[in-house]
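A short reminder: the numbers here are calculations on the coordinates, not readings from a lab. These numbers were taken from a predicted model, which means no experiment stands behind them. So basically every Cβ, Gly included, is an ideal-geometry build from the backbone, and we count neighbours across all protein chains shown.
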Amino acid sequence: MSGGADLVGEEVSAAGYAETVRGRGAIAFIMLRDGTGHIQAFAKRDNMKEATFEALQSATRESTIQVTGTVAQKRPPKTKEGEPAPPAEYEITVSSATILSSAAAPLPVGVTDDVKVGLDIRLDNRYLDLRRAHVNAMFQLRSKVLQYGRDHLISEGFNEMNSPKIIASASEGGTNLFPMMYFDTPAFLSQSPQLYKQLAVLGGLERVFEIGPAFRAEKHDTYRHLNEFISFDIEGAWMNDEDVMCVQERMIHHIWTEVAANDQHLIDVINEYKTSQDEDLVTVDVPELPFPRISYCDAIEIVKNGGGEIEWGDDIESHHCDIIAAEHSGFHFLPRWPMAMKPFYIYHNEAEKGTTGGQLSRGFDLNYGRDEMTSGGQREHRVDVLEQNLRNMDLNPEDFTFYTDGFRYGAPPHAGWGLGVARLLMVLTGAGNVREVVLFPRDRSRVTP
RNA sequence: GCCCCGAUGGUGUAGUGGCCUAUCAUGUAGCCCUGUCGAGGCUACGACCCGGGUUCAAAUCCCGGUCGGGGCGCCA
């Protein structure tokens with residue numbers, strides 16, 4: 001709906017949401033909006049049926065309207081003395097119109113109102129919230145991020161797969177699962193595609209990825225957690241932890257590069273809103289490769305030196321991450337965690353010990369600033385070690401035969417990771433809450449819409 | 001699960017015991033003007049989360065509930 005000089009005098013039809021309806025008496029201005037932009041429809045009482053004009057003039061905001069008429073150059077606005085005339089704009093002089101669907105008034109969430117709306121109200125009315133330009137831009141960006149990530153993994157030879165979301169038993173342990181009934185059998189919603197990715201690799205697919213939902217029945221209530229989230233997961237045969245970290249940083253680098261090259265207009269829309277809210281603007285700074293690697297042992301030292309209370313073997317908590325983020329504000333990997341803190345399927349090399357002699361693993365995290373984006377690692381492919389790990393973690397190997405049996409017939413060393421899509425988007429869009437970048441988030445207290 | 005905070009028109013807010021018949025913006029409805037363009041001017045409409053309690057008097061203080069926000073834990 002932009003331009004128009006070459007269309008002047010042509011008859012056209014256009015449909016969209018009525019963003020504003022102005023004018024009384026014999027004229028009306030309707031600003032129509034669709035996915036491509038805005039166009040003003042100019043209606044004169046004398047130019048159409050009386051009923052049509054009345055319907056247009058009294059149309060409520062956000063009603064969908066189709067107009068037919070001729071393209072004309074707008075009359076230029078009055079400008080102050082000495083100011084240059086603005087560039088020519090075009091409009092449709094309406095000859096006929098149809099109200100396709102009338103919007104109720106008032107709107108629960110104003111689409112163009114200069115009033116800040118709370119997140120909860122916005123999420124209750126997401127279909128209207130999504131009509132706001134910056135919100136729409138964020139979800140277009142989300143689509144792009146998924147596309148670029150997928151493109152990149154395919155370019156590195158990964159096969160897209162889908163794993164079951166209804167599972168019979170916990171796939172990792174640790175987190176709480178949502179129980180459900182699968183006909184007459186108790187079952188759960190999957191917390192991760194982890195074990196199934198591995199089974200696919202063992203079966204010879206070699207390099208797989210999945211973009212799919214994961215469910216966690218944890219009663220967390222923070223800006224970065226949801227109970228249903230989409231994760232970007234990969235698994236690759238003949239790879240170790242360092243290999244898949246490289247895959248990941250190349251993928252993120254590719255996503256940022258492509259967004260910077262193709263989607264700056266979406267970032268601009270987001271920044272226009274941020275400007276109006278006095279918020280910091282976002283910039284698409286393509287991160288340098290390689291990302292810093294800060295081993296767990298080094299991270300402990302950084303936290304200690306920064307005044308944090310922590311000992312080797314402790315988890316690196318959010319307030320510790322703040323200390324690390326002061327030195328490494330962007331993306332950074334945290335490899336080589338203690339084996340005792342990692343799940344049973346993570347690989348360890350008996351020769352690799354930490355500064356206090358504890359067994360290290362080949363598990364790693366990727367953080368951006370204080371926030372964890374990823375966890376991943378090289379996987380244990382030796383079935384006897386796998387079963388010993390299960391016993392060490394008070395899990396019964398008998399319960400995991402559906403998984404461990406896959407390792408009895410020759411297993412390639414392999415590695416992989418899972419990346420929270422929404423968390424990556426928070427970084428890219430500067431969103432302060434994961435709910436901003438999830439269309440219909442599921443959290444502790446929200447199951448609708 | 002733990003700690004802290006909050007709930008006022010459709011939306012965002014002001015208000016900390018009587019000045020509240022509750023502020024402002026936005027909205028909605030209407031009028032005026034009008035080829036507006038973030039249009040403008042005028043008028044009207046519309047709210048103190050629920051239940052107890054304290055007090056002569058409660059939007060305001062106390063208790064409980066509900067809902068929401070922030071932080072932590074846990075994680076992606």
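Structure data summary
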| read-out | value |
| --- | --- |
| Taking A:Tyr273, A:Tyr345 and counting other C-beta atoms within 10 Å, the order from fewest to most | A:Tyr273, A:Tyr345 |
| Estimated FRET transfer efficiency (A:Met181, A:Thr222; beta-carbon r; R0 25 Å; 0.05) | 0.25 |
| Added length on full extension, which subtracts the Cα-Cα distance from 0.36 nm per residue, A:Asp46 to A:Glu372 | 111.1 nm |
| Percent RCO, i.e. relative contact order, over region A:128-437, from Cα pairs under 8 Å lying at least 6 residues apart | 19 percent |
| Cβ crowding within 10 Å averaged over residues, with A:101-112, A:143-154 ranked highest first | A:143-154, A:101-112 |
| Globularity index of region A:354-449, i.e. its alpha-carbon radius of gyration over 2.2 N^0.38 Å | 1.49 |
| Packing-based exposure ordering (other Cβ within 10 Å, fewest first) of A:Thr36, A:Thr93 | A:Thr36, A:Thr93 |
| Relative contact order (percent, whole number), region A:21-81, Cα cutoff 8 Å, 6+ residue spacing | 28 percent |
| Region A:133-169 and region A:21-66: distance between their alpha carbon centers, rounded to Å | 40 Å |
| From phi via Karplus (6.51, -1.76, 1.60), per-residue ³J(HN,Hα) for region A:350-362 in Hz, x at Gly/Pro | 4, 7, 9, 10, x, 4, 9, x, x, 5, 8, 10, 9 |
| Reach of A:Lys197 by Cα under 14 Å, taken over aspartates and glutamates that are not fewer than 8 positions away in the same chain | A:Glu160, A:Glu172, A:Glu206, A:Glu210, A:Asp233, A:Glu235, A:Glu380 |
| Sorted largest first, extent of region A:1-58 alpha carbons per principal axis (Å) | 30, 24, 15 |
| Modelled FRET efficiency - R0 22 Å, A:Ala88 with A:Asp113, Cβ distances, 0.05 increments | 0.15 |
| Relative frequency of Cα-Cα separations exceeding 17 Å in region A:5-101, percent | 49 percent |
| Percent of C-alpha pairs per 10 Å bin, region A:280-408, short to long | 12, 37, 29, 16, 5, 0 |
| 20 Å-binned pair-distance histogram of chain A (Cα, whole percent) | 21, 45, 24, 10, 0 |
| Lys, Arg +1 and Asp, Glu -1 on Cβ, resulting dipole of chain A about Cα centre, debye, nearest 20 | 1400 debye |
| Karplus-derived 3J(HN,Hα), 6.51/-1.76/1.60, for each residue of region A:187-193, Hz, glycine and proline x | 8, 9, 7, 5, 8, 5, x |
| Listed residues A:Glu309, A:Glu272, A:Glu372, most fluctuating in chain A (Gaussian network, C-alpha, under 10 Å) | A:Glu309 |
| Whole-Hz couplings from phi, Karplus 6.51/-1.76/1.60, listed for region A:156-166; x for Gly and Pro | 9, x, 8, 9, 6, 10, 9, 10, x, 9, 9 |
| Rounded to 5, percent antiparallel among DSSP beta bridges of region A:5-101 | 90 percent |
| Computed FRET value (nearest 0.05) for A:Tyr409 with A:Thr257, which takes r as the C-beta separation and R₀ as 45 Å | 0.65 |
| Sequence-distant residues sharing a close amide H with A:Asp443 (under 5 Å, placed H) | A:Asn227 |
| Theoretical gain in end-to-end length, A:Val12 to A:Asn392 [0.36 nm per residue, Cα-Cα removed] | 129.5 nm |
